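The values are calculated or read from the model by the stated rules, or taken from the named source; none is laboratory data. Please read these numbers as outputs of a predicted model, since none were measured by experiment. Please note that ligands, DNA and RNA were not included when accessible areas were found on the heavy atoms of the full protein model with its side chains. Shrake-Rupley method; radii C 1.70, N 1.55, O 1.52, S 1.80 Å.
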Amino acid sequence: MNEHNSPVNAPIIQRIEIWPVDIPITDPFVVATGARVTAQNLFMRVTLRNGTQGVGEAARSNVRALQAAG
């Protein structure tokens, strides 16, 4: 390990924000469970103690699968 990735210098998460967003689909499609007219996503922002921020998104169905697995 060098000084940049040692546990002493590890980034510390200060805040995690998650919010759901339903995005309208302009051309709905049909799946076995019915027609999809919105994309149900989650957006998140992670803020480190030093102020660095990162953002990401995930489909809600994927989040449920991860929760069930683990």
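Residues in the stretch 14-63 average 76 Å² of solvent-accessible surface per residue, probe 1.4 Å, ligands and nucleic acids excluded. For GLN14, the residues 5 or more places off, or on other chains, whose built amide H falls under 5 Å of its own are THR47, LEU48, ARG49.
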